Structures are given as structure tokens and as C-alpha cells.
Amino acid sequence: MTAPAATKRDLLRLTDLSRAELLDLLERAAEWKLIGKRGPHPLAGRAVGLVFEKASTRTRVSFAVACSQLGASEMMLSPRDMQLGRGEPIRDTARVLSRYLDALVVRTFAHAKLEDMARWATVPVVNALTDASHPCQVLADLMTVAERLGQDRVSRGELAVAWVGDGNNMANSWIEAAILLGFELRVACPPGYGPDPELLRRAGGKVRVAASPAEAMRGAHVVNTDVWASMGQEAEVEERRRAFRDYIVDRKGMALADPAAIVLHCLPAHRGEEIEEEVLEGPQSAVFDEAENRLHAQKALLEFLLAPP
Ligand code: CP
Ligand code: NVA
């Protein structure tokens with residue numbers, strides 16, 4: 001059986017965008033932020049399905065509000081409540097939903113499942129987080145870096161970014177950002193918990209595997225971390241606590257970073273594990289702007305996919 005031919009664009013990973021498209025999206029996101037709540041409705045009459053197989057606060061709410069502010073309606077679709085949860089194949093679900101909806105925003109476990117959804121859907125599919133990547137979060141992260149440190153530094157790649165902790169979905173999407181924008185990314189992960197090796201290979205010299213969090217943070221302009229155990233890894237929590245004990249973003253590490261460095265965390269955070277309370281709540285933390293920027297970045301993304309100029 002062959003999937004339907006489609007000309008639509010998806011965002012399954014950040015590198016589905018070209019460098020120019022990514023930079024345009026960041027600029028448009030900043031414009032949407034200035035426009036605020038009561039702007040134009042380029043998606044009037046459209047409908048977006050939010051298919052969430054994992055918990056979510058930020059992604060789910062920011063996509064729903066983005067749809068409403070752009071004039072589209074949105075529908076939360078839990079696989080538990082759909083026939084998908086009772087074994088209806090993804091290829092049937094994707095084709096049927098494409099007859100009603102104009103886009104699918106999907107959070108799931110295996111990235112292959114998302115790819116399957118995109119293969120069969122005839123409308124754009126957006127990755128709202130898989131075990132392999134979280135591109136929408138990194139769009140908002142880059143927007144936050146541009147706001148705090150300057151759009152030029154982002155577009156010219158004049159940044160040193162430290163990733164401290166798990167080489168997880170977020171780390172992978174940051175590697176893709178480094179591939180597209182050419183900034184220096186240093187990743188410090190405990191042995192055995194590094195990012196996708198194939199991505200590291202593709203990134204070549206742009207990504208450096210650091211021997212310690214201190215090495216990654218020294219002189220960094222952006223310091224970024226995430227939970228030690230992601231959703232789906234609950235059984236590994238204790239083992240990971242032991243392995244990641246030294247992989248914390250704390251005041252000692254921040255003293256090594258550039259004095260104007262900002263701290264990012266996609267949230268939810270575990271204070272006292274991957275990040276010290278004083279850092280998360282401190283003056284260098286940009287985490288709540290980062291969370292807000294999910295909304296603006298996703299408005300730019302939905303407009304790009306559904307109502308390109
Ligand atoms: N950062 C993020 O994606 O948060 P949620 O899991 O709450 O959506
Ligand atoms: N790495 C985390 C990100 C949550 C937004 C997870 O996948 O659970």
C-alpha cells in the first residue's frame with residue numbers, strides 16, 4: 001500500500017526547515033509577540049487536531065491558544081479516546097483526520113510513529129515532542145536567545161551554547177539548531193547518556209562533546225539543561241539520579257559562564273536535580289520568557305505551514 005502523494009510541509013525535526021526559513025520564523029515570531037492577542041486571523045475557518053499521547057502543560061496550551069489567536073479552532077485528541085487507542089492503524093487515522101482537519105500536532109513516544117502519521121496524513125504534521133526530538137521547544141528557545149542576546153548573534157551563529165545533562169530529545173533538537181545556524185554547541189552528558197550519535201556525526205565540528213559540565217559551561221553565552229529522566233523513563237529514575245549526580249547547573253558552574261549568559265530550561269524542572277533553585281529563579285534565568293515564547297513561535301509556525309504568504 002502506498003501513502004498518498006502530498007505537497008504539504010511537516011515539521012518533524014528542526015532540520016526540516018532551511019536556515020533561511022528558520023530565521024524568518026524567528027523574526028515572524030517576534031512580530032507575533034508584538035502584535036499580541038488581538039491580531040489578524042490568517043487561519044480563520046481552519047481546524048487543528050492536537051494528538052497528545054503524553055502529558056503536557058506548555059505545548060498543549062500554547063498550541064490551543066495559538067490556534068485561537070490565529071482564528072483556527074483546535075481539538076484535543078487523546079489516543080485513549082480515539083479508536084487509535086483500540087488498535088486502529090495510524091495510516092487509517094491519519095488519512096481520516098486529514099479529511100476533517102487542516103493540521104495535526106502530535107506528541108508521542110517513538111519518533112517512527114510520528115513519521116508514520118506524517119507519511120499518511122495529507123495535511124501538515126507538527127512534532128509536539130517525541131523521544132527523539134522537540135523542535136517546537138527549540139524554536140522558542142532560539143527566539144528567547146535572540147531576544148536576550150540579539151537576533152544578529154543567532155543569525156550569525158556567534159554564540160557558545162552549553163548543554164548539560166541528558167542527551168535527550170531536547171539535546172538532539174539543539175544539535176539540529178547548531179547544524180542549521182552554525183553556533184558552537186558543547187554537550188556534557190554522563191557516559192552512556194549522550195545524544196544521537198548519527199546527529200553528532202552530521203554536526204561535525206559544530207558540536208563538541210565536553211568532558212564535564214564545567215568544560216561545557218566555561219565562557220558559554222547560553223546554558224541549557226533538562227530533566228534527568230524524561231517521560232517514559234520513570235523506571236530509570238534512581239539509576240539516572242546516580243549517573244547524573246554531577247550534571248547540575250548550579251551557581252558554581254554559572255560563575256564559569258559568560259557574565260551575561262542566560263539560562264534556559266524547557267520545563268518542567270526538578271529543582272535540586274538538574275538545576276539549582278537559585279539558578280532557575282535567578283537573574284540569568286530566561287525560563288518563563290522561554291515558556292511564553294512557545295506561543296509566539298508556534299503562531300509563526302502554524303502560519304508558515306498553513307497560510308504561507
Ligand atoms: N516544555 C514542554 O514541552 O512542556 P510540556 O511538556 O508541559 O508541554
Ligand atoms: N525531555 C523531556 C522534555 C519535556 C518537555 C521529556 O521528554 O520528558
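Being in contact with a Gly (Cβ under 9 Å, 6 or more places away or on another chain) and more than 24 Å from GLY253 (Cβ to Cβ) is the filter here, so list the residues in segment 182-213 that pass it. Quick ask: steps written out before the conclusion?
Here is the first cut: in segment 182-213, the ones in contact with a Gly (Cβ under 9 Å, 6 or more places away or on another chain) are 182-184, 187-190, 193-196, 200, 206, 209, 213.
Listed by number, the residues that qualify are GLY182, ASP196.
Here's a check for you: in segment 215-229, which residue that is farther than 21 Å from PHE288 by Cβ and either open to solvent by less than 40 Å² (accessible area, probe 1.4 Å) or within 23 Å of the chain's Cα centre (by Cα) (or both) is farthest from ligand 2 (Cβ to nearest atom)? I'd like the intermediate steps shown before the answer.
Taking segment 215-229 first, the residues farther than 21 Å from PHE288 by Cβ are 215-219, 228-229.
Still in the running and either open to solvent by less than 40 Å² (accessible area, probe 1.4 Å) or within 23 Å of the chain's Cα centre (by Cα) (or both): 216-217, 219, 228-229.
On the way: ALA216: 18, MET217: 20, GLY219: 26, TRP228: 9, ALA229: 8 Å.
This residue is GLY219.
Given the structure, is PRO124 surrounded by 18 or more Cβ atoms within 10 Å (Cβ to Cβ) and either more than 16 Å from ligand 2 (Cβ to nearest atom) or of a type in the set (Asp, Glu) (or both)?
Working: surrounded by 18 or more Cβ atoms within 10 Å (Cβ to Cβ): yes; either more than 16 Å from ligand 2 (Cβ to nearest atom) or of a type in the set (Asp, Glu) (or both): yes.
So PRO124 fits the description; yes.
Can you name the residue in segment 27-68 that is among the polar types (S, T, N, Q) and within 16 Å of ligand 1 (Cβ to nearest atom) and is also farthest from ALA118 (Cα to Cα) among such residues?
Filtering segment 27-68 for residues among the polar types (S, T, N, Q) gives 56-57, 59, 62, 68.
Now drop any that are not within 16 Å of ligand 1 (Cβ to nearest atom), which leaves 56-57, 59, 62.
Numbers: SER56: 21, THR57: 24, THR59: 19, SER62: 22 Å.
Looking at residues that are among the polar types (S, T, N, Q) and within 16 Å of ligand 1 (Cβ to nearest atom), I get THR57.
Going through segment 259-306 one residue at a time, which ones are free of Cβ contacts under 8 Å to residues at least 24 places away in the same chain, open to solvent by 50 Å² or more (accessible area, probe 1.4 Å) and in contact with a strand residue (DSSP E or B) (Cβ under 9 Å, 6 or more places away or on another chain)?
Correct list: GLU277, GLU281.
What are the residue pairs meeting all of these: first residue in segment 126-143, first residue in a helix (DSSP H, G or I), second residue among the aromatic types (Phe, Trp, Tyr), Cβ atoms under 9 Å, and 6 or more apart or on different chains?
Final answer for the pair search is CYS136/PHE63; VAL138/TRP174; ASP141/TRP174.
Closer than 21 Å to LEU129 by Cβ, of a type outside the set (A, V, I, L, M, F, W, C) and touching a residue at least 24 places away in the same chain (Cβ under 8 Å): is that true of ARG28 in this structure?
Values: closer than 21 Å to LEU129 by Cβ: no; of a type outside the set (A, V, I, L, M, F, W, C): yes; touching a residue at least 24 places away in the same chain (Cβ under 8 Å): yes.
Against the criterion (closer than 21 Å to LEU129 by Cβ, of a type outside the set (A, V, I, L, M, F, W, C) and touching a residue at least 24 places away in the same chain (Cβ under 8 Å)), ARG28 does not qualify.
Within segment 233-258, track down each residue that is open to solvent by 50 Å² or more (accessible area, probe 1.4 Å) and within 16 Å of ligand 2 (Cβ to nearest atom). Outline the logic, then answer.
Going through segment 233-258, the residues open to solvent by 50 Å² or more (accessible area, probe 1.4 Å) turn out to be 234-236, 238-239, 241-242, 245-246, 251-252, 255-256.
Result: GLU234, ALA235, GLU236, ARG241.
Select from segment 39-61 the residues that are open to solvent by 10 Å² or more (accessible area, probe 1.4 Å) and of a type in the set (S, T, N, Q) and write down the one among them that is farthest from ARG80 (Cα to Cα).
Looking at residues that are open to solvent by 10 Å² or more (accessible area, probe 1.4 Å) and of a type in the set (S, T, N, Q), I get THR57.
With (1) within 30 Å of ILE35 (Cα to Cα); (2) under 21 Å from the mean Cα position of the chain (by Cα) as the list, and GLY282 as the residue in question, which single condition is left unmet?
(2)
Restricting attention to segment 129-155, report how many residues are open to solvent by less than 10 Å² (accessible area, probe 1.4 Å) and of a type in the set (A, V, I, L, M, F, W, C).
Final tally of qualifying residues: 8.
Just name the residue that is nearest to ALA300 (Cα to Cα) out of those in segment 79-110 that are without any contact (Cβ under 8 Å) to a residue 40 or more places away in the chain and open to solvent by less than 20 Å² (accessible area, probe 1.4 Å). Before you say what the answer is, go through the steps one by one.
Going residue by residue through segment 79-110, those that are without any contact (Cβ under 8 Å) to a residue 40 or more places away in the chain are 79-90, 92-94, 96, 98-99, 110.
The next check asks that each one be open to solvent by less than 20 Å² (accessible area, probe 1.4 Å); those that pass are 79, 93-94, 98.
On the way: PRO79: 27, THR93: 27, ALA94: 24, SER98: 21 Å.
Residue satisfying both the conditions and the ranking: SER98.
The values are calculated or read from the model by the stated rules, or taken from the named source; none is laboratory data. This one's a predicted model, so the numbers in the text were calculated from it and none came from an experiment. Backbone-built Cβ (ideal geometry, glycine too); neighbour counts: all protein chains shown. With ligands, DNA and RNA removed, areas are computed over all heavy atoms of the protein, side chains included. Shrake-Rupley method; radii C 1.70, N 1.55, O 1.52, S 1.80 Å.
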